[in-house]
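Reviewing the structure listed below.
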Amino acid sequence: MHPGVWHKRSDLDRMKYMVQAGKDPWKTTFNLLRLDPKASYNYAVQKNPANNSLSRENPCDQCGQYESDARAAYLNALMWYLTGDQRHATKTIEILNAWANLTNFYGGGTEPLSAGIYASPLISAAEIIRYTNASWATADIDKFEAMLVYPGYSATTVPTAAIAADQVTFYWRIYNGDPGRFGNQDIAAWKSVMAMGVFLDNRVMYDRGLRYLRSQPHRPDDLPYQPGPPNSSFPTPNASSSAFQDEYTTSPNPGGPTPDYGGDGPINYYIYSNGQNQESSRDQSHGALGIGFLQEASEIAWNQGDDLYGTQNNRILSGLEFLSRYNVSMFKTYPDQPAPWVPTVASGEYVQPLARSRRWRPLQINPSDGGLEFLGPQWEMAVGHYAARLGLDPATSMRWTYRARAANFEHTGYETSGYKLDKIGWGGLTYHRPGLSPGDPAAFGSGTPQYRMNVLPDTIEAENFDYFVLGGEGKTYHDLSPTNTGGQYRPTEAVDL
């Protein structure tokens, strides 16, 4: 489905028409966005045309330039669609073409995290431009595609020599996640594998990320995931342990007995059944980041017709509720929560499982970076999905997620850009949805939804007005007749209301 990374065409249409109608939070957020210098078509591209290398850290090699350019590419892509001003599209194309000469993404052992954070904003900008008639030349698109998988894509062979020589770019830094580190670093890679798969029309690549986050085995026609478990000093902690978590010394075990073992990025390993996340004993900011990455991956999946949000009975929402309750109750009181909530092992609200990586075991929750510091631009996406799409009751099913969004607005106003490229931001424009809007406006052709806003005057088939990924019965239609069929795709006369 295209566009279909961070936003579908129907999402872009919703933004545009709500802004034109002067409705908030879309209008105010748009006015804030257009004041950002990186949203200007006069933005000066920072890329050094003579340098084909990029590293986010250890060392920084064009990192500031890339972070600025990637943000500018995305914001100008939004401005292009929302205003129709070709100059914004031209600016995004200039940025995309400038970075298409990369042949080397490297950096200090954290390449999966870095490439995962860096890839998706640029890919999302490219997806919008490519599929909204913005005049991006086919030859330039081909160059950009080739850059993403340099020195070339394969589902059967890993370019080990090129990786060792730092002669690879984004895909070969993220294709296997980062299973030996904290979960957010693993997730960062996989959400960009999914984004890249969408942009490249590569279902095997997209499924690679989706299946990993669902804890499913790799596809038979794809490379396997990392086997395991790794070798570990568990149960003997090392000197890096603290009062909050034990840490163990590990070493890779490439011949581990369990195929497709992976790490702590899959949803059921990153967020435990009680809502606690794998980094709750590390600090609060990284846990918020990891859950934010899972939201991003889930939005990409939803745009492609897959429900990653609902994995493990809405486990992501459980993670948001746990995270929000602990942090928001640090600085706000409520009739049902007059004092800060501190989950403990003794109370049965905190658990101590050994991490999948076998490097850490939580002991108690860590308040570092908590309270006001944990807030960031990720709450509109959560509320937009679980409340507006699924219709969950904010007062019961997602009370603390709703309170986190309100607290974020109270302290920072409408969402703007996140820290560097870590979070999408601008949620009041990009992810806020009107209440009771489970589906997305669509027309249907060849049995598949073509997302777009239905604009009058036009002929609109009532049964084809909108589309809901999980099946529209009770959401976008009601079928009175047992002799016909509804389901996700609704042929003419298949539903009654």
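The values are calculated or read from the model by the stated rules, or taken from the named source; none is laboratory data. In this text the structure is predicted, and so the values were computed from the model without any measurement. A quick note on method: Cβ atoms are made from the backbone with ideal geometry, for glycine too, and the neighbour counts reach across all protein chains shown.
Identify the residue in region 418-464 that is β-branched (Val, Ile, Thr) and under 14 Å from Met18 (Cα atoms) and, among all such residues, is modelled with the lowest pLDDT. Break it down stepwise before answering.
Step one: of region 418-464, the residues β-branched (Val, Ile, Thr) are 424, 430, 448, 455, 459-460.
Narrowing further to those that are under 14 Å from Met18 (Cα atoms): 430, 455.
Numbers: Thr430: 97, Val455: 69.
If we take residues in region 418-464 being β-branched (Val, Ile, Thr) and under 14 Å from Met18 (Cα atoms), then Val455 is modelled with the lowest pLDDT.
Exactly one condition in (1) of a type outside the set (Phe, Trp, Tyr); (2) surrounded by 24 or more Cβ atoms within 10 Å (Cβ to Cβ); (3) out of contact with any Leu (no Cβ under 7 Å at 6 or more places or on another chain); (4) closer than 28 Å to Arg359 by Cβ is false for Met196; which is it?
(3)
Looking only at region 282-315, filter to residues that are outside any loop (DSSP other than H, G, I, E, B) and hydroxyl-bearing (Ser, Thr, Tyr); which one of those is surrounded by the most Cβ atoms within 10 Å (Cβ to Cβ)? Explain how you work it out, then say what you get.
Kept after step one, since they are outside any loop (DSSP other than H, G, I, E, B), are these residues of region 282-315: 285-303, 311-315.
If we keep only those that are hydroxyl-bearing (Ser, Thr, Tyr) as well, we get 285, 298, 311.
Details: Ser285: 20, Ser298: 25, Thr311: 21.
Among those that are outside any loop (DSSP other than H, G, I, E, B) and hydroxyl-bearing (Ser, Thr, Tyr), it is Ser298.
How many residues does region 147-159 contain that are in a loop (DSSP other than H, G, I, E, B) and under 21 Å from Ala70 (Cα atoms)? I'd like the intermediate steps shown before the answer.
The first filter runs over region 147-159 and keeps only residues in a loop (DSSP other than H, G, I, E, B), leaving 149-159.
Still in the list and also under 21 Å from Ala70 (Cα atoms): 149-150.
Residues in region 147-159 being in a loop (DSSP other than H, G, I, E, B) and under 21 Å from Ala70 (Cα atoms): 2 in total.
Report those helices (runs of 4 or more DSSP H) wholly inside region 318-436 carrying at least 2 residues which are under 21 Å from Asn31 (Cα atoms) and over 18 Å from the mean Cα position of the chain (by Cα).
Working: elements: 379-383, 399-412, 427-430.
Ranges flagged: 399-412.
What do you reckon, is Ala162 more than 15 Å from the chain's Cα centre (by Cα), not in a loop (DSSP other than H, G, I, E, B) and not charged (D, E, K, R)?
On the way: more than 15 Å from the chain's Cα centre (by Cα): yes; not in a loop (DSSP other than H, G, I, E, B): yes; not charged (D, E, K, R): yes.
Yes; evaluated as a whole, the condition is true for this residue.
Would you say Glu279 is buried (at least 18 other Cβ atoms within 10 Å of the Cβ), in a loop (DSSP other than H, G, I, E, B) and out of contact with any Asp or Glu (no Cβ under 7 Å at 6 or more places or on another chain)? Step through it out loud before you land on a result.
On the way: buried (at least 18 other Cβ atoms within 10 Å of the Cβ): yes; in a loop (DSSP other than H, G, I, E, B): yes; out of contact with any Asp or Glu (no Cβ under 7 Å at 6 or more places or on another chain): yes.
Yes; evaluated as a whole, the condition is true for this residue.
Of all residues in region 9-45 being polar (S, T, N, Q) and crowded, with 17+ Cβ neighbours inside 10 Å, which is farthest from Thr103 (Cα to Cα)? Steps first, answer last, please.
Here is the first cut: in region 9-45, the ones polar (S, T, N, Q) are 10, 20, 28-29, 31, 40, 42.
This time we only want the ones that are crowded, with 17+ Cβ neighbours inside 10 Å, so: 10, 29, 40.
Details: Ser10: 35, Thr29: 37, Ser40: 28 Å.
Step by step, filter region 9-45, then rank; the result is Thr29.
Could you tell me how many of the residues in region 180-203 are farther than 12 Å from Leu113 by Cβ, more than 16 Å from the chain's Cα centre (by Cα) and not basic (Lys, Arg)?
Of the residues in region 180-203, 3 are farther than 12 Å from Leu113 by Cβ, more than 16 Å from the chain's Cα centre (by Cα) and not basic (Lys, Arg).
When the residues of region 218-246 are filtered to those that are of a type in the set (S, T, N, Q) and assigned to a loop (DSSP other than H, G, I, E, B), which remaining residue is farthest from Ser357 (Cα to Cα)?
Here the residue is Ser242.
What are the residues in region 250-266 that are in contact (Cβ under 8 Å) with a residue 24 or more places away in the chain and either charged (D, E, K, R) or surrounded by fewer than 23 Cβ atoms within 10 Å (Cβ to Cβ) (or both), if any? So that I can check it myself, show each step before the final result.
So in region 250-266, the residues in contact (Cβ under 8 Å) with a residue 24 or more places away in the chain come out as 250, 252-266.
The answer is Thr250, Pro252, Asn253, Pro254, Gly255, Gly256, Pro257, Thr258, Pro259, Asp260, Tyr261, Asp264.
Scan region 131-146 and tell me whether some residue there is small (Gly, Ala, Ser), in a loop (DSSP other than H, G, I, E, B), touching a Phe, Trp or Tyr at 6+ places or on another chain (Cβ under 9 Å) and surrounded by fewer than 23 Cβ atoms within 10 Å (Cβ to Cβ). Let's see the steps before the verdict.
So in region 131-146, the residues small (Gly, Ala, Ser) come out as 134-135, 137, 139, 146.
This time we only want the ones that are in a loop (DSSP other than H, G, I, E, B), so: 134-135, 137.
Pick out the ones that are also touching a Phe, Trp or Tyr at 6+ places or on another chain (Cβ under 9 Å) and you get 134.
Okay, now just the ones that are also surrounded by fewer than 23 Cβ atoms within 10 Å (Cβ to Cβ), so 134.
So far as region 131-146 goes, yes, one or more of its residues are small (Gly, Ala, Ser), in a loop (DSSP other than H, G, I, E, B), touching a Phe, Trp or Tyr at 6+ places or on another chain (Cβ under 9 Å) and surrounded by fewer than 23 Cβ atoms within 10 Å (Cβ to Cβ).
Here are some conditions: (1) touching a helix residue (DSSP H, G or I) at 6+ places or on another chain (Cβ under 7 Å); (2) surrounded by fewer than 24 Cβ atoms within 10 Å (Cβ to Cβ); (3) not in a helix (DSSP H, G or I). Ala100 meets all but one. Which one does it not meet?
The failed condition is (3).
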